[in-house]
Amino acid sequence: MNCEQKLDYESKLNDCFLEDCVVLRNYALSDTLWRLDLRSDLIAPRVLPGQFVHLCVSASPSDCVFGHLLRRPLSVYFANNDTISLIYQLVGRGTRSLICVSAGSRLSVLGPIGSCWSVPALKDNSCGRALLVGGGIGTAALHLLARQLTQTHVVDFVVGAANASMLVCNEDLLLCGEKLRLHIATDDGSAGHHGFTIDLLPELVNNNKYHYLATCGPEIMQRKVAALAKSTGIYCDVSLERRMACGIGACLSCSVDTIYGKKRACVDGPVFNAEEILW
Amino acid sequence: MVKHAVTQNECLGVCESVNLAVNLGGLMMQNPLTVASGTFGSGREYHALWRNAGYHDGIGALGAITTKGVSLKPWDGNAGIRITQSAAGMLNSIGLQNKGVEEFCAIDLAWLKQNAAGTAVIVNVCGHSLDEYQLVIQRLEEEASVSAYELNISCPNVSCGGMSFGTDALLASELTARCRTLTKRPLIVKLTPNVTDITEIARAIESAGADAVSLINTVAGMSIDIKSRKALFERKVAGLSGPAIKPVALWAVYRVAQAVNIPVLGMGGICTVEDCVEFLLAGACALAVGTASFNDPLSAPHLLEGLQQWCEQNGVRNVSELTGALN
């Protein structure tokens, strides 16, 4: 499986491209969530689950330089041989610009970037079991992993958000098949459990033996998930979000404190083993 | 002045090529373009990307590579948020994070030697004290692949050293003089615009033996999170860069070029070919592209191609003719 590969630094750099991608679709999924589908020949076939792209939020180069100088890192929601799909949340000026980009225009995309989810190999042909915990827009980074993992694992996918309209959870998950078990939590109780994702985990962990735990979302949630993984001995990866400038490892804007010193969220991460992180 | 008397039509027949080479205070550059320290690491990350985009020499296309600041011991850089976007620019508070001169020599210089042997390497040197700057240079003198030094006395993001040397003419002069005794290599001093009179500092470092002066470093700025009513950056101050500061940089380059006889490495918000030409006309001998690389990682090779074309179309045979050629 692709996402089990450990990428060395040089091959990661060699596999990164700058591509002008044609926008296939850019549409609202809810009040605050949008989906952007891009045609990509260079980046799409190289994407591994967990990696991200760094994209300009306007189709006009001068608008980018003078209005939206910094690219935005967005995790890849879905990718196949010629398409990349991203899900983004409307949060500020950059994403407000991005929703104005119409189909047919071109966006400058840099990628794929970063480390991928590192699922431990199963010892025999038995079916593994994995627990994925996504909070808010961070859930998007787990979808490609869920698609791949369900080929070999039963996957408990815990998806949380502030309310039902912010859940990154839709009919795409049906493609994961029957090995996917969905668990929903919302802060306001508008869907699933009324509360946090973290509330659902003790019962799941008590009742199942997990080979792998992966989480992406608010850092406070990831920290709690990582603590649970440590106390129960489950191998756990986290995907961290940072502000980024270059996105390729040069500027050191996106530093993460780890037991090995400062690491870069862009190229050393975004996926880290949870035990490396100094929370 | 009849420097630009050749018309475009004549040029198409005559100017088959443009001589882009410049001499920056003894540093021979194949073209006037380098990168602003701190925006480019040591080039390795951009090298692969440029090659993937069809620039087969990778970062070897540059006139010089300017490395991120190198200190004696590893520096952790600043805690908390390190960047934010602002109108036509960005603020950074990285804090000169680097792994120290030993690891720089073992990894970065070794990589540069193997992958960009034909291109000049300017090592940006930073320190907390006069001694630290000197010790870094002493160590780098052992390395054959270093072409020149850029003394960083202008970073607003460290509390000890950095900008404190660049805002005091006496200190700037003493540091330059001490480093001058340690090396015959071209010594460039990078100035901050956050002073009352940048020409005073420029004259001081010229008298102390600098071969060239580079400017500007970032402009001191601030950002506030109104929800928490806290400064966005832990150190409160951060460095503003990008097209927002270009007019400030251009004016500083013009004034310094008028005030000193050493060549000027101009930078500050360069994004377009027109920006490059403006800096040259204002008096810059060479140019650095910085923040623009974050928006377009191929900015530098694009600007190089564009500058060459501009020269061809405007009858400029030697790019050095443009330096200070303001009418």
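Residues that are among the polar types (S, T, N, Q) and open to solvent by less than 10 Å² (accessible area, probe 1.4 Å) were ranked within region B:56-87; the one that is nearest to the chain's Cα centre (by Cα) is B:Thr66.
In the set B:Thr218, B:Thr272, which member is at pLDDT 95 or above, crowded, with 22+ Cβ neighbours inside 10 Å and not hydrophobic (A, V, I, L, M, F, W, C)?
Numbers: B:Thr272 fails: crowded, with 22+ Cβ neighbours inside 10 Å.
Going through B:Thr218, B:Thr272 in turn, the sole match is B:Thr218.
On inspection, B:His128 fails the criterion of being free of Cβ contacts under 8 Å to residues at least 12 places away in the same chain and either on the phi > 0 side of the Ramachandran plot or not acidic (Asp, Glu) (or both).
If the requirement is being surrounded by fewer than 16 Cβ atoms within 10 Å (Cβ to Cβ) and at positive phi, which of these qualifies: A:Gly192, A:Gly114, A:Gly177?
A:Gly177
Beta carbons closer than 6 Å, at least 6 apart along the sequence or on distinct chains, pair a first residue in region B:229-256 that is away from every other protein chain (no Cβ under 13 Å) and among the charged types (D, E, K, R) with a second that is surrounded by fewer than 22 Cβ atoms within 10 Å (Cβ to Cβ) and part of a helix (DSSP H, G or I) for B:Arg255/B:Thr199.
Scanning region B:13-43 for residues that are at pLDDT below 95 and surrounded by 17 or more Cβ atoms within 10 Å (Cβ to Cβ) turns up just one, B:Cys15. Residues that are without any contact (Cβ under 8 Å) to a residue 12 or more places away in the chain and among the small types (Gly, Ala, Ser) within region A:228-279 comprise A:Ser231, A:Gly233, A:Ala250, A:Ser253, A:Gly261, listed in sequence order.
How about region A:130-174: which of its residues are assigned to a strand (DSSP E or B) and open to solvent by 20 Å² or more (accessible area, probe 1.4 Å)?
Across region A:130-174, the qualifying residue is only A:Val154.
Looking at B:Leu72, B:Leu112, just one residue is more than 11 Å from B:Ser42 (Cα to Cα) and away from chain A (no Cβ under 13 Å), and that residue is B:Leu72. Selection of region A:266-279 for residues being more than 14 Å from chain B (Cβ to nearest Cβ) and within 25 Å of A:Leu70 (Cβ to Cβ) yields A:Gly269, A:Pro270, A:Val271, A:Phe272, A:Ile277. One residue alone among B:Phe279, B:Phe294 is in a helix (DSSP H, G or I), surrounded by 24 or more Cβ atoms within 10 Å (Cβ to Cβ) and within 14 Å of chain A (Cβ to nearest Cβ), and that residue is B:Phe294. Determine, yes or no, whether B:Met90 is within 11 Å of chain A (Cβ to nearest Cβ), of a type outside the set (Gly, Ala, Ser), within 20 Å of the chain's Cα centre (by Cα) and part of a strand (DSSP E or B). Yes, satisfied. When B:Ile245 is tested against (1) in a helix (DSSP H, G or I); (2) in contact with a Phe, Trp or Tyr (Cβ under 9 Å, 6 or more places away or on another chain); (3) among the β-branched types (Val, Ile, Thr), only condition (2) is not met. Among the residues of region B:312-323, those that are under 22 Å from the mean Cα position of the chain (by Cα) and either buried (at least 17 other Cβ atoms within 10 Å of the Cβ) or in a helix (DSSP H, G or I) (or both) comprise B:Val319, B:Ser320, B:Glu321, B:Leu322, B:Thr323.
Going residue by residue through region B:190-197, is there one that turns out to be without any contact (Cβ under 8 Å) to a residue 40 or more places away in the chain and more than 17 Å from B:Val158 (Cα to Cα)? The answer is yes; a qualifying residue exists.
Scanning region A:224-238 for residues that are open to solvent by less than 10 Å² (accessible area, probe 1.4 Å) and among the β-branched types (Val, Ile, Thr) gives A:Val225, A:Val238. Taking residues in region B:33-56 that are more than 7 Å from chain A (Cβ to nearest Cβ) and over 13 Å from A:Cys251 (Cβ atoms), and partners anywhere that are assigned to a strand (DSSP E or B) and open to solvent by less than 10 Å² (accessible area, probe 1.4 Å), the pairs with Cβ atoms closer than 7 Å and at least 6 places apart or on different chains are B:Leu33/B:Leu287; B:Leu33/B:Val289; B:Thr34/B:Ala64; B:Thr34/B:Ile65; B:Thr34/B:Thr66; B:Thr34/B:Ile122; B:Thr34/B:Ala286; B:Thr34/B:Ala288. Kindly check whether there is at least one residue in region A:53-68 that is within 18 Å of A:Cys16 (Cβ to Cβ) and assigned to a loop (DSSP other than H, G, I, E, B). Yes - at least one qualifying residue is present in region A:53-68. In region A:69-90, what residues are within 22 Å of A:Asp41 (Cβ to Cβ) and in a loop (DSSP other than H, G, I, E, B)? Hits for region A:69-90 are A:Arg71, A:Asn80, A:Asn81, A:Asp82. For the condition aliphatic (A, V, I, L, M), farther than 16 Å from B:Thr119 by Cα and away from chain A (no Cβ under 11 Å), B:Leu27 does not qualify.
For region B:93-109, which positions are at positive phi and within 11 Å of chain A (Cβ to nearest Cβ)?
Just the residues of region B:93-109 that are at positive phi, to begin with: B:95-96, B:100.
Those that are at positive phi and within 11 Å of chain A (Cβ to nearest Cβ): B:Gly95, B:Leu96.
For region A:239-265, filtering for residues that are open to solvent by 20 Å² or more (accessible area, probe 1.4 Å), more than 10 Å from chain B (Cβ to nearest Cβ) and assigned to a loop (DSSP other than H, G, I, E, B) leaves 3. Reported count of residues in region B:179-220, each being under 27 Å from B:Ala238 (Cα atoms) and in a loop (DSSP other than H, G, I, E, B), is 10.
The values are calculated or read from the model by the stated rules, or taken from the named source; none is laboratory data. Because the structure is a prediction, the values reported are computed rather than measured. Methodologically, a virtual Cβ is constructed for each residue, glycine included, from the backbone with ideal geometry; neighbour enumeration extends over all protein chains shown. Quick note on the areas: whole protein, heavy atoms, side chains included, nothing else; ligands and nucleic acids left out. Shrake-Rupley method; radii C 1.70, N 1.55, O 1.52, S 1.80 Å.
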